[in-house]
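The values are calculated or read from the model by the stated rules, or taken from the named source; none is laboratory data. These figures come from a predicted structure and were not determined experimentally. Cβ sites come from the backbone with ideal geometry, for glycine too, and all protein chains shown count toward neighbours. Only protein heavy atoms, including side chains, enter the accessible area calculation; ligands, DNA and RNA are left aside. Shrake-Rupley method; radii C 1.70, N 1.55, O 1.52, S 1.80 Å.
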Amino acid sequence: MSSRLGLRLAACLLNISEARRKHIVENIAKAALGKNGQTHPEVSVLNIFSDQDYNRSVITIAGSIDELGNSVLAACEEAFLSVDMGVQEGIHPCLGAVDLVPIYPLCGVGVEECGAVA
């Protein structure tokens, strides 16, 4: 499926188990844009929402479905390296450094393709 403009966009609302250490959350978001020479020019971080009580952040990453998977994977790898689950505390139960990786279609992409990327 493609749109008339040729855009094939999707978004990920990446849920991570960190909110109290802003620099860690920001580094995870930056990793989505590129790291170690790898860049994801067709991807943007649209928003970061952090809840201090839950000690959880949601990073909204959007872009080309063809680049989104690698971008989200880079952010997840940074989260796994940076979030210390041995000391993580918050009122929201968590499964790990990354709890949820939902990918939603925005334009010219179907739910099935988003599921395959997730």
Can you find even one residue in segment 87-96 that is more than 15 Å from the chain's Cα centre (by Cα), of a type outside the set (A, V, I, L, M) and open to solvent by 70 Å² or more (accessible area, probe 1.4 Å)? yes
Between a residue in segment 55-82 that is surrounded by 20 or more Cβ atoms within 10 Å (Cβ to Cβ) and any residue that is of a type in the set (S, T, Y) and outside any strand (DSSP E or B), which pairs come within a Cβ distance under 9 Å, given they are 6 or more apart or on different chains? N55/S17; R56/S17; S57/S17; I61/S71; G63/S71; A79/S17
Inside segment 68-83, can you point out the residues that are among the small types (G, A, S) and under 10 Å from N27 (Cβ atoms)? A75, A79, S82
Consider M85 against the criteria (1) under 18 Å from L9 (Cα atoms); (2) outside any strand (DSSP E or B): it satisfies all of them except one. Which criterion is unmet? (1)
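Condition first: farther than 18 Å from V111 by Cα and modelled with pLDDT of 95 or more. Now tell me which residues in segment 1-16 satisfy that.
If we filter segment 1-16 for residues that are farther than 18 Å from V111 by Cα, which is where we start, we get 4-5, 15-16.
Within segment 1-16, N15, I16 qualify.
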Can you tell me which residue in segment 13-54 is surrounded by the fewest Cβ atoms within 10 Å (Cβ to Cβ), limited to those that are among the basic types (K, R) and assigned to a loop (DSSP other than H, G, I, E, B)? R21
Consider I61 carefully, then state whether it is under 27 Å from R8 (Cα atoms), among the β-branched types (V, I, T) and at pLDDT 95 or above. yes
What single numbered condition from (1) closer than 19 Å to C107 by Cα; (2) β-branched (V, I, T); (3) at pLDDT below 95 fails to hold for V83? (1)
